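Structure record follows, encoded as structure tokens.
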Amino acid sequence: MDPILERYHDLEKKVVAYMPNLDTQRLFDAFTYADSAHHGQLRKSGEPYIIHPIAVAEIVADLELDIDSVVAALLHDCIEDTASTHEEIAKRFDPTVAELVEGVTKLTKMQFVTKEEEQMENLRKMLMAMSRDIRVILIKVCDRLHNMRTMEYQSPRKQREKSLETMEIYAPIAHRLGMQKVKWELEDLSLRYLDPVGYKEIEEELIARSAAHEEFLAGIQQQIAQRLDQEGIRCTISGRVKHIYSIYRKMFAQNKTLDEIFDLYAFRVIVGDIPECYNVLGCIHDMFKPVLGRFKDYIGTPKPNMYQSLHTTVIGRAGIPFEVQIRTWEMHQIAEYGVAAHWKYKQGMANKKLGTEHEFEWVRKLLEGQQDTDAEEFVSTLKVDLFADEVFVFTPNGDVKSLPQGATPIDFAYNIHSAVGNSMVGARVNGRMVPYDHTLSNGDIVEVLTSKSAKGPSRDWLKLCKSNEARNKIRQWFKKERREENIATGRAAFEAELKHAKMTLASITGEEVLPHILHKLRCGTLDELYAAIGYGGTTASKSVARIRDELQRLGRLQAEKAAAAARTLEESVIMPGSAGAGSAEVHGPVKPRHSDSGIVVEGLGNCLVKFAKCCTPVPGDPVIGFITRGYGVSVHRADCPNAAPDRRKPEEADRWIKVSWVESKLPNYRTSLEVSAKDRDDLTLDVAMALSTAKVKVSALSARSMPDGHAAINIVVEVKDKAELEGVIHRLNNIQGVYLVARAAGK
Ligand code: MN
């Protein structure tokens, strides 16, 4: 049989072994399609090219991935190296397969020249981000594994480059995805080309001692097997010498020779369930002396890449230490194949959407916030997720920049430096001129064209950029460079917006509202506001909306005060005899008299004013105001005992304010008088007559006779001002028997 066809049949057997119900026609179609597409192409080894895709498909099948992945692996170099296209593959096979092939092709095109460590991190992220479907990265890792296996045919330069890339990019990714077996192989193959001498040294020593190693491994294995058999535990035990790169790393890191390396050997005991794992651990610790501090329970606390096992290091025969890993079969699958193993388990769920971003939420979660602190175990600390929010692009020098998803050349330019952004006159992506609003994709090479005569950023850029960094830097520029212009453009925008909102500038610049508005907008002056609008620190529409809110709030406040005052008035009906008995503070006895009160309150402009019930001031009286809690300003006579400085509470000192009379707008002010007299017949009648003659309106009048022959008459009158009141007092004083007429105050 044709050796190539034979090779294909091996693949098919491997696939059918884990997918017994598979219709192999599709697989065969993929093979014949790839075979004819690559027809005539040879690998560096001299083999027909098709051997490579078949081999990659075999590795994919070793991972037991789904049929789409195997088909895509067979086709993975078609778009890159042959005349076939995405459309053709989509039509001939299916769109999913075409997407996978396209994804692998994209990764293949990436060139990873040696970078700083921080850049490597971004590169790994970019690779992950580009593989929206996790199967893309799995196939790509398999592709890389086969290329590394056949690296001997490449030029030394290419060997070095690819090995470095494998060590720095693909092995860590394999580790992140939990594929230990693949990771080890990638590491060992890379080391072979990166430090051939070091690799060889270890390899040769291991070979030279292989007989001794085999003997040691077999002896320990047998010992463990016997013991577990006695305990009635069914298990599978294997022993191995650790992989070369892991030994190499330890020798290097600890500057030791091979002889001095701690735990060169590792045993693995695989059992049926978790309780058995702990039973085995007990037996091992009983048989051999455990090394302190080397026991790790990754069953109780799995590693972030899903790895689970019990690890312990014990001292064996002749004082040789070795590691034992104890796990169940399921844990073993995951340890060897990682994400790929999960993939296999999920297949049973027959979900068509398998492999889409949504399905791989768990991978994202798994990879997010991953932090390995176990320096003994791991190459380096990496943090990888699927980075849906980030896009990774290159500078022309090959540096990687991470930008928010949807970023434009503007973001890129400002990410490099604000000076680059400010002098940008154009941008090229992958060698082609693009508009400023061009959305960057993973792997793009972006070049910013700058000019010394550039006019600086345009305001439109604020809308085009996606990163806060770019936005802030653009605003900064406008803020600094163009204050006058900012004020002018800001003012124009603001006034247009005001007009649109049917408001006038005059309505907000009144001295009663402007301070509130500026405070609300956090600006010192209107110019500051205009400037902020001008450079984009805020927008005209936002500002006007805030102003409108503030005006509404002030309006509501006024309305509430008026309503409260009206309530107060209703509640306080002055009864005869009660005049002067009120508290000094809140009980306003008179009409609500906001702006028309005839009182000006210093520093407060137009506010709610009431006249204190205790002293009922009238125009002309020296007065003082008290700011009440919630009911405006209460106005007292300056000589009211309740307003006397020694009666003011210290904590309310600030509440006492200057008030003064202005031209009265009210016809009358209500006030109370107390008349003391010697009691006699008709006294009250005479008082009433006097008031009537004085033509004042009497609101209330009550008289009481005292046991000692005196009388007290309380009167509430309405007067225009102090002069009129004094006229009334004068008349009352002339009544026979009256010896005192006093303004009510205090109490
Ligand atoms: Mn390939």
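The values are calculated or read from the model by the stated rules, or taken from the named source; none is laboratory data. This is a predicted model, so every value here is computed, not measured. All Cβ positions, glycine included, derive from the backbone under ideal geometry; neighbour counts span all protein chains shown.
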Please specify each residue of the stretch 395-414 satisfying the condition of being buried (at least 22 other Cβ atoms within 10 Å of the Cβ) and in contact (Cβ under 8 Å) with a residue 40 or more places away in the chain. Leu403, Ala407, Thr408, Ile410, Asp411, Ala413, Tyr414
Please find, within the stretch 133-152, the residue that is nearest to Glu336 (Cα to Cα) out of those that are of a type outside the set (A, V, I, L, M), away from the ligand (no atom under 14 Å from the Cβ) and in a helix (DSSP H, G or I). Arg135
Working carefully through the options Ala742, Ala703, find the one that is surrounded by 13 or more Cβ atoms within 10 Å (Cβ to Cβ) and assigned to a strand (DSSP E or B). Ala703
Mind listing just one residue for me: the one in the stretch 60-83 that is without any contact (Cβ under 8 Å) to a residue 60 or more places away in the chain and surrounded by fewer than 21 Cβ atoms within 10 Å (Cβ to Cβ) and, of those, nearest to Gln180 (Cα to Cα)? Asp62
Can you tell which of Ser69, Ser45, Ser36 is hydroxyl-bearing (Ser, Thr, Tyr), outside any helix (DSSP H, G or I) and more than 13 Å from the ligand (Cβ to nearest atom)? Ser45
Taking only the stretch 96-110 into account, find how many residues are out of contact with any Leu (no Cβ under 8 Å at 6 or more places or on another chain) and within 16 Å of Arg144 (Cβ to Cβ). 7
If you go through the stretch 390-416 one residue at a time, how many are closer than 14 Å to Leu449 by Cα, touching a helix residue (DSSP H, G or I) at 6+ places or on another chain (Cβ under 6 Å) and of a type in the set (A, V, I, L, M, F, W, C)? 2
What are the residue pairs meeting all of these: first residue in the stretch 519-547, first residue within 20 Å of Glu484 (Cα to Cα), second residue part of a loop (DSSP other than H, G, I, E, B), Cβ atoms under 6 Å, and 6 or more apart or on different chains? Leu529/Cys523; Ala532/Thr538
Give the residues of the stretch 403-431 that are under 22 Å from Lys479 (Cβ atoms) and assigned to a loop (DSSP other than H, G, I, E, B), sorted by residue number. Thr408, His417, Ser423
Looking only at the stretch 626-684, which residues are over 22 Å from Leu608 (Cα atoms), under 57 Å from the mean Cα position of the chain (by Cα) and either in a loop (DSSP other than H, G, I, E, B) or modelled with pLDDT of 85 or more (or both)? Lys649
Asn442 being modelled with pLDDT of 85 or more, surrounded by 14 or more Cβ atoms within 10 Å (Cβ to Cβ) and either in a strand (DSSP E or B) or touching a helix residue (DSSP H, G or I) at 6+ places or on another chain (Cβ under 9 Å) (or both): no
Residues that are in a loop (DSSP other than H, G, I, E, B), over 26 Å from His146 (Cα atoms) and touching a strand residue (DSSP E or B) at 6+ places or on another chain (Cβ under 8 Å): does the stretch 204-215 have at least one? no
Going through the stretch 202-230 one residue at a time, which ones are touching a residue at least 24 places away in the same chain (Cβ under 8 Å) and more than 20 Å from Gly316 (Cα to Cα)? Ile202, Glu203, Glu205
Would you tally the residues in the stretch 23-80 being basic (Lys, Arg) and within 21 Å of Thr150 (Cα to Cα)? 2
Tally up the residues in the stretch 134-192 that are buried (at least 19 other Cβ atoms within 10 Å of the Cβ), farther than 20 Å from Lys250 by Cα and basic (Lys, Arg), please. 5
Examine the stretch 2-14 for a residue that is surrounded by fewer than 20 Cβ atoms within 10 Å (Cβ to Cβ), in contact with a strand residue (DSSP E or B) (Cβ under 8 Å, 6 or more places away or on another chain), assigned to a helix (DSSP H, G or I) and at pLDDT 90 or above, and state whether such a residue exists. yes
What is the number of the single condition among (1) buried (at least 16 other Cβ atoms within 10 Å of the Cβ); (2) in contact with a helix residue (DSSP H, G or I) (Cβ under 7 Å, 6 or more places away or on another chain); (3) outside any loop (DSSP other than H, G, I, E, B) that Val698 does not meet? (1)
Take the residues in the stretch 72-84 that are more than 12 Å from Asp143 (Cβ to Cβ) and outside any helix (DSSP H, G or I), then tell me which one is farthest from the ligand (Cβ to nearest atom). Ala83
Taking the conditions exactly as written (away from the ligand (no atom under 16 Å from the Cβ), buried (at least 20 other Cβ atoms within 10 Å of the Cβ) and at pLDDT 90 or above), does Val101 satisfy them or not? no
Specify the residue that is modelled with the highest pLDDT; the eligible residues are those in the stretch 104-132 that are within 16 Å of the ligand (Cβ to nearest atom) and not aliphatic (A, V, I, L, M). Thr105
Provide a single number: the residues in the stretch 48-66 that are within 11 Å of the ligand (Cβ to nearest atom) and either not aliphatic (A, V, I, L, M) or not assigned by TED's automatic domain parsing to the domain that holds Asn147 (or both). 3
Return a yes/no flag: does the stretch 407-425 have any residue that is modelled with pLDDT under 90, of a type in the set (D, E, K, R) and under 31 Å from the mean Cα position of the chain (by Cα). no
